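Here's the structure we're looking at; comments come further down.
The values are calculated or read from the model by the stated rules, or taken from the named source; none is laboratory data. The model shown is predicted, which means the values in this text are computed figures rather than measured ones. Cβ coordinates were reconstructed from backbone atoms using ideal geometry, including for glycine residues, and neighbour counts include every protein chain displayed.
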Amino acid sequence: MLFSLQVFLFAPLITFCIKKNHFRLYLLFSFLLMVVTLGVTYQLHRMFFILLLVLVFISVVCPYWLIRIQKYKFEINGPWDEAKLCFDITE
C-alpha cells in the first residue's frame, strides 16, 4: 500500500517538477518507475508480468517504431484525394 501511495500520490508532483526542469531526468525517472513496477508484478505473477510487457511493447515500442519508419512512407495520389485547382481563383 505504501508503494501505491508513493506512485499515485507523490509521483505526479515529482514528475511535474522534474519535467519542468530536466527532461532527460524525467525520462529516466519514468523508465525507472516502469522497471520497478514490472519487477514487483513479476514477483506476484508471471503471466501478469508477460501481459504488462506486451502492454509496454504496444504503448512504447510500437509508437516509436511508427515514428521511425515515417520517413520511408510514400505519398500515393489517386482519385480518392481532394481536388487540386489548376488555375488561380484570385483573378
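Miscellaneous remarks
- Note on segment 58-72: residues that are aliphatic (A, V, I, L, M) and more than 17 Å from F31 (Cβ to Cβ) total 3.
Every residue, every condition in (1) touching a helix residue (DSSP H, G or I) at 6+ places or on another chain (Cβ under 7 Å); (2) modelled with pLDDT of 75 or more; (3) of a type in the set (V, I, T), yes or no:
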site	(1), (2), (3)
L2	no, no, no
L5	no, no, no
L28	no, yes, no
L33	yes, yes, no
V36	no, yes, yes
G39	no, yes, no
M47	no, yes, no
K73	no, yes, no
D81	no, no, no
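- Residue within segment 50-65 that is surrounded by 10 or more Cβ atoms within 10 Å (Cβ to Cβ) and either in contact with a helix residue (DSSP H, G or I) (Cβ under 6 Å, 6 or more places away or on another chain) or among the basic types (K, R) (or both) present: yes
Conditions tested, residue by residue: (1) part of a loop (DSSP other than H, G, I, E, B); (2) among the β-branched types (V, I, T); (3) free of Cβ contacts under 8 Å to residues at least 12 places away in the same chain.
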| site | (1), (2), (3) |
| --- | --- |
| Y26 | no, no, yes |
| L33 | no, no, no |
| L53 | no, no, no |
| K71 | no, no, yes |
| T90 | yes, yes, yes |
